[in-house]
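Q: Quick one: the structure is below, questions incoming.
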Amino acid sequence: MLTRFAIAAATLAAATVPAFAHLDPVAHGSLAAGASHPLLGWDHVLVMVAVGLWAATLGGRARLAVPVAFVAAMGAGFVLALNGLSLPFVEPVVMASVVALGLLVAAAARLPVPAAAAAVGAFALFHGSAHGAELGSAGALSFGLGFVVATAALHGVGLALGHSLTAGRQPLIVRALGAASALAGLYMIAA
């Protein structure tokens, strides 16, 4: 169990590179550029996986409601950005989301499902706005579909990992992953 976790974590870490390494939509297509956006930046990867981890630890309806709330609010933020409505402090809020969601996982915070969905949704709105601001020459629909699918996949990784670890009676590892995510967020803020 722990060996599979270590392999999965190492693979995920190796697959991520700095956030500025997004694919060029002209060379790779809008769908690939959109899908790469959440996969090629530590800030996005950490938040998306943390959402899945937290949803898994909350259990029940939260396993679906929390990730869906994130994806829906992220889409809304993207649409706002496409329509020229930019949110203030997008990058600081995106970075704060890494720390906050990591801390929610680390603390094994138990919120009612609507409150948990609202919390992730608030952060997701800013993630979506960031995606919209970085659209560049990509086609909006393909780019949006790409980052929605990639985000959902990262949520799925967090859900599977969280479910596996909590079912295996290893909730402290889940909490340690949350703490590591929060610390990584603090490092990114300080860097």
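Q: Is it fair to say Gly146 is under 21 Å from Ala76 (Cβ atoms), out of contact with any Phe, Trp or Tyr (no Cβ under 9 Å at 6 or more places or on another chain), surrounded by 19 or more Cβ atoms within 10 Å (Cβ to Cβ) and of a type outside the set (A, V, I, L, M)? I'd like the intermediate steps shown before the answer.
A: On the way: under 21 Å from Ala76 (Cβ atoms): yes; out of contact with any Phe, Trp or Tyr (no Cβ under 9 Å at 6 or more places or on another chain): yes; surrounded by 19 or more Cβ atoms within 10 Å (Cβ to Cβ): yes; of a type outside the set (A, V, I, L, M): yes.
Yes: the conditions hold for Gly146.
Q: Go through (1) of a type outside the set (Val, Ile, Thr); (2) more than 24 Å from Ala33 (Cα to Cα); (3) not in a helix (DSSP H, G or I) for Gly136 and report which single condition fails.
A: Answer for Gly136: the failing condition is (2).
Q: From the list Ala32, Ala56, Ala65, exactly one residue is more than 26 Å from Ile189 (Cα to Cα), of a type in the set (A, V, I, L, M) and without any contact (Cβ under 8 Å) to a residue 60 or more places away in the chain. Which is it?
A: Details: Ala32 fails: without any contact (Cβ under 8 Å) to a residue 60 or more places away in the chain; Ala56 fails: without any contact (Cβ under 8 Å) to a residue 60 or more places away in the chain.
Testing whether each residue is more than 26 Å from Ile189 (Cα to Cα), of a type in the set (A, V, I, L, M) and without any contact (Cβ under 8 Å) to a residue 60 or more places away in the chain leaves just Ala65.
Q: Looking only at the stretch 146-176, count how many residues are in a helix (DSSP H, G or I), farther than 27 Å from Phe89 by Cβ and either of a type outside the set (S, T, N, Q) or at pLDDT 95 or above (or both). Quick ask: steps written out before the conclusion?
A: Of the residues in the stretch 146-176, the ones in a helix (DSSP H, G or I) are 146-167, 171-176.
Within this subset, residues satisfying the condition of being farther than 27 Å from Phe89 by Cβ are 149, 153, 156-157, 159-167, 171-176.
Filter once more, keeping what is either of a type outside the set (S, T, N, Q) or at pLDDT 95 or above (or both): 149, 153, 156-157, 159-163, 165, 167, 171-176.
Selection size over the stretch 146-176: 17.
Q: Next question. For the list (1) in a helix (DSSP H, G or I); (2) small (Gly, Ala, Ser); (3) in contact (Cβ under 8 Å) with a residue 12 or more places away in the chain; (4) closer than 17 Å to Met48 by Cα, I need the number of the one condition that Ala81 fails.
A: Just one mismatch for Ala81, condition (4).
Q: Considering only the stretch 20-62, state which residues are at pLDDT below 60, of a type in the set (A, V, I, L, M) and crowded, with 19+ Cβ neighbours inside 10 Å.
A: Keep residues of the stretch 20-62 that are at pLDDT below 60, which gives 20-28.
If we keep only those that are of a type in the set (A, V, I, L, M) too, we end up with 21, 23, 26-27.
Leu23, the sole residue that qualifies.
The values are calculated or read from the model by the stated rules, or taken from the named source; none is laboratory data. This structure is a prediction, so every number in the text was calculated from the model and none was measured. Cβ: placed from backbone, ideal geometry, glycine included. Neighbour counts: every protein chain shown.
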